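The structure under discussion appears below in the form of structure tokens.
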Amino acid sequence: MNALARLAPLALMLVLGGCAVEPFCLGCGPRDAAVSPLDAGLDAGPVTIDAAPLDAPACMPAPDGLEACNTADDDCDGRTDEDFDLQTNPRHCGACGVECRFDNAEGRCEAGTCAFVACFDGFVDLDATAGCEYACPVFPPRDEDCNGFDDDCDGEVDEPAELPAPPDGLCRTTPGTPCAAVRAVCAAREGTTTWFCDYPAEVEFDPRIPNGIALDEARCDGQDGDCDGLRDEAFPELGDRCDDGGRGACRDEGRVACDPADPGATRCDLTALPDPAPGAPSAEVCNAVDDDCDGIVDNADPTDPARVRDDMVHVVRAGLDFWIYRHEATRPDADETAPGSSSERACGRGAALPWTSIGHADAAAACAAAGHRLCTGAEWQTACEGSATRAYPYGSSYQPDTCNGADHDAVPGGAFESRLVPTGASPMCLAEDGVLDLSGNAKEWTVDPRGTSASGTPIHVVRGGSHQSPSFGLTCATDLARATIDTLLPSLGFRCCDDDGP
């Protein structure tokens with residue numbers, strides 16, 4: 001088989017993806033004019049030849065063809081680093097890779113040696129070494145000012161010789177005050193540097209104020225802290241009467257004075273008045289005074305052993321069992337001449353003007369604060385009528401001067417006067433069980449609802465009549481006097497009842 005015939009299957013294998021066969025034999029022997037290298041290889045087997053190696057080129061140029069400063073001939077021109085003047089090049093000064101660099105400054109290369117030229121803007125050289133190590137806090141620099149900054153970039157802050165004069169009129173120098181000899185100084189106070197006034201310790205300093213003086217005195221020390229010619233004007237209560245918090249017999253009084261322990265406060269100086277020593281505690285009564293000195297005025301808590309024992313009457317009749325104030329309710333601080341102003345609770349005691357001009361809800365609240373409640377209409381009428389179901393608390397017939405009604409002259413002698421009188425002032429106006437003033441003096445709220453007004457306000461019966469009521473309105477049974485719960489009248493009061501007693 002000739003060589004061509006033998007080659008055809010091999011070529012087919014190459015096309016069809018068979019084994020890859022090198023078509024040219026680089027290791028074969030001398031070419032045979034009659035036999036192809038392939039035929040020779042197939043016929044005679046592998047052969048080898050001595051191939052001389054190729055000579056390497058004398059120089060390989062850099063890819064970019066440019067010379068670099070690296071002591072090599074990068075452009076293959078037979079010279080090394082010929083493009084770099086090592087005497088003047090600031091990036092290669094005296095030798096390749098030696099850069100003329102200085103901190104925050106410009107440098108140059110002179111005769112192969114790096115030399116300092118100048119600082120960059122905003123930097124200066126303070127330590128006399130090559131480079132500019134100091135960054136100016138303010139740029140561009142300016143004249144020095146009193147502000148805590150190195151304005152002129154010389155490494156010093158607020159040097160006195162370079163500061164301008166302080167602002168005119170900055171300091172208060174009022175004659176006759178602690179500010180009289182004050183001058184301005186450049187100083188840092190509470191994190192702020194500026195011109196401050198060198199005030200003495202007596203002056204109250206506030207760094208937020210341009211001249212340093214507080215707008216208002218805050219210390220109570222007997223000094224003119226704001227140099228306005230007045231002392232401690234922020235404490236107008238100085239000299240006022242005060243007490244130690246005690247009440248009644250336990251109270252000790254004095255005068256308001258500065259507190260030595262707290263310059264911003266006052267205290268009650270109990271030695272400032274020639275008062276006698278406080279009295280000893282006594283039994284508590286309903287009088288707006290802490291008689292027993294326990295810190296509670298007019299104790300009303302039923303569980304408190306020291307509670308006030310209101311003057312109440314026990315009534316058991318007609319299926320009812322209750323307690324009722326002997327007297328019309330009064331304010332705790334009322335007396336025979338004044339109704340008082342205290343409204344903490346109701347009191348049931350004699351010799352005081354009744355508590356009037358009070359609405360139904362407030363009357364109920366005043367009784368509740370005393371540990372009691374408002375009387376019902378049935379309770380009130382039962383206490384007034386007694387076992388004999390009297391028309392009046394004192395009897396079946398009207399007696400003009402027995403109770404304080406419209407026919408009673410409240411002040412004997414002179415012109416006829418109709419007015420409220422102290423509780424118990426009409427001792428004959430007495431019901432069977434000992435309850436007083438159930439007829440006349442002041443009308444009394446009861447829990448006795450009778451519908452609502454046109455506006456929807458609840459209406460309750462008021463009992464007993466007042467010092468302005470005629471005989472018919474003073475009876476125990478009349479329930480014609482009615483009022484909306486928000487009614488306030490100087491002749492309308494109340495009294496309290498209880499299920500368990502005082």
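The values are calculated or read from the model by the stated rules, or taken from the named source; none is laboratory data. None of these values were measured; they are calculated from a predicted model. Cβ atoms come from the backbone with ideal geometry, glycine included; neighbour counts cover every protein chain shown.
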### Message
Against the definition (within 55 Å of the chain's Cα centre (by Cα), more than 16 Å from T376 (Cα to Cα) and among the aliphatic types (A, V, I, L, M)), how does L488 come out, yes or no?
### Response
yes
### Message
Please determine whether any residue of the stretch 138-161 is closer than 30 Å to C258 by Cα, modelled with pLDDT of 85 or more, of a type in the set (A, V, I, L, M, F, W, C) and over 36 Å from the mean Cα position of the chain (by Cα).
### Response
no
### Message
Please count how many residues of the stretch 310-324 are part of a loop (DSSP other than H, G, I, E, B) and either acidic (D, E) or under 20 Å from N287 (Cα atoms) (or both).
### Response
2
### Query
Within the stretch 305-313, can one find any residue that is of a type outside the set (A, V, I, L, M) and crowded, with 23+ Cβ neighbours inside 10 Å?
yes
### Query
Name the pairs: first residue in the stretch 120-132 and closer than 16 Å to E156 by Cβ, second residue of a type in the set (A, V, I, L, M, F, W, C) and part of a loop (DSSP other than H, G, I, E, B), Cβ to Cβ under 7 Å, at least 6 apart or on different chains?
V124/C132; V124/C136; V124/C153; D125/C132
#### Entry: Hits in the stretch 186-222 (condition: outside any loop (DSSP other than H, G, I, E, B), surrounded by 14 or more Cβ atoms within 10 Å (Cβ to Cβ) and among the β-branched types (V, I, T))
T193, T194, I213
### Query
In the stretch 356-392, which residues are part of a loop (DSSP other than H, G, I, E, B) and over 42 Å from the mean Cα position of the chain (by Cα)?
T356, C375, G386, S387, A388, T389, R390, A391
### Task
Quickly run through the stretch 220-246 and pick out the residues that are more than 19 Å from G176 (Cβ to Cβ) and of a type outside the set (G, A, S).
C220, F235, P236, E237, L238, D240, R241, C242, D243, D244
### Query
Any idea how many residues of the stretch 437-459 are of a type outside the set (V, I, T), under 15 Å from A361 (Cα atoms) and buried (at least 21 other Cβ atoms within 10 Å of the Cβ)?
2
### Message
One residue is enough: does the stretch 397-404 have a residue meeting the conditions of a type in the set (G, A, S) and either crowded, with 21+ Cβ neighbours inside 10 Å or assigned to a loop (DSSP other than H, G, I, E, B) (or both)?
### Response
yes
### Query
Quick one: would you say E253 is more than 30 Å from A277 (Cα to Cα) and among the acidic types (D, E)?
no
### Among the candidates R267, R231, residue that is assigned to a strand (DSSP E or B) and either free of Cβ contacts under 8 Å to residues at least 40 places away in the same chain or assigned by TED's automatic domain parsing to the domain that holds A363 (or both)
R267
### Task
Test A351 against the stated conditions and say whether it is under 16 Å from Q468 (Cβ atoms), surrounded by fewer than 18 Cβ atoms within 10 Å (Cβ to Cβ) and among the aliphatic types (A, V, I, L, M).
no
### Task
Determine whether the stretch 444-451 contains at least one residue that is assigned to a loop (DSSP other than H, G, I, E, B) and either small (G, A, S) or not assigned by TED's automatic domain parsing to the domain that holds Q399 (or both).
no
### Yes/no for D433 being surrounded by 15 or more Cβ atoms within 10 Å (Cβ to Cβ), of a type in the set (D, E) and touching a helix residue (DSSP H, G or I) at 6+ places or on another chain (Cβ under 7 Å)
yes
### Summary
Of D252, D291, the only residue that is in the same structural domain as T389 (by TED's automatic domain parsing) and surrounded by 14 or more Cβ atoms within 10 Å (Cβ to Cβ) is D291
### Task
Tell me, yes or no, whether the stretch 142-153 has at least one residue that is surrounded by 15 or more Cβ atoms within 10 Å (Cβ to Cβ) and in contact with a His (Cβ under 9 Å, 6 or more places away or on another chain).
no
### Subset of the stretch 466-485 [over 56 Å from the mean Cα position of the chain (by Cα) and hydrophobic (A, V, I, L, M, F, W, C)]
F472, L474, C476, A477, L480
### Query
Going through the stretch 176-228 one residue at a time, which ones are free of Cβ contacts under 8 Å to residues at least 40 places away in the same chain, within 30 Å of A257 (Cα to Cα) and of a type in the set (A, V, I, L, M)?
A180, A181, V182, A201, V203, I209, A214, L215
